[in-house]
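Asker: One structure follows; several queries about it will come next.
The values are calculated or read from the model by the stated rules, or taken from the named source; none is laboratory data. No experiment lies behind these values; they were computed from the predicted model shown. Cβ sites come from the backbone with ideal geometry, for glycine too, and all protein chains shown count toward neighbours.
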Amino acid sequence: MTYSAKVIAGGKIVIPAELRRELGFQTGDMLVIEREGNGLMIKTYDQVVREVQAEFKSLIKHPFTVDEFLAEKRLEAEKE
């Protein structure tokens, strides 16, 4: 579906109500605007946080527990 929006005084963009409802945007939500070439990508702050969390999660070679971490640190301390 295609929507149109208007830039009004102060550089404010009015997002059509139907689109706000579809995307779940609420009054007061923080939005992040990313430039993509000649266009814009608008995401909620929560979406960006989830994306960053997923990116960091993908960098972990294997999940580990606190107990595993402490055991590893104890072994390192014993070697010193």
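Asker: For A5, state whether it is small (G, A, S), modelled with pLDDT of 90 or more and surrounded by 10 or more Cβ atoms within 10 Å (Cβ to Cβ). Reasoning before the result, please.
Answerer: Working: small (G, A, S): yes; modelled with pLDDT of 90 or more: yes; surrounded by 10 or more Cβ atoms within 10 Å (Cβ to Cβ): yes.
It is true that A5 is small (G, A, S), modelled with pLDDT of 90 or more and surrounded by 10 or more Cβ atoms within 10 Å (Cβ to Cβ).
Asker: If you don't mind, another one. Between residues in region 1-12 that are within 13 Å of L40 (Cβ to Cβ) and among the hydrophobic types (A, V, I, L, M, F, W, C) and residues that are modelled with pLDDT of 90 or more and surrounded by 10 or more Cβ atoms within 10 Å (Cβ to Cβ), which pairs lie under 6 Å by C-beta distance while being six or more apart or on different chains?
Answerer: Within 6 Å, the pairs are A5/I13; A5/V14; A5/I15; V7/I13.
Asker: Something else about it: Go through the residues of region 53-64 one by one and say whether even a single one is within 26 Å of Y3 (Cα to Cα), free of Cβ contacts under 8 Å to residues at least 24 places away in the same chain and either among the hydroxyl-bearing types (S, T, Y) or part of a strand (DSSP E or B) (or both). Please lay out each step first, then the result.
Answerer: Let us first name the residues in region 53-64 that are within 26 Å of Y3 (Cα to Cα), namely none.
So far as region 53-64 goes, no, none of its residues is within 26 Å of Y3 (Cα to Cα), free of Cβ contacts under 8 Å to residues at least 24 places away in the same chain and either among the hydroxyl-bearing types (S, T, Y) or part of a strand (DSSP E or B) (or both).
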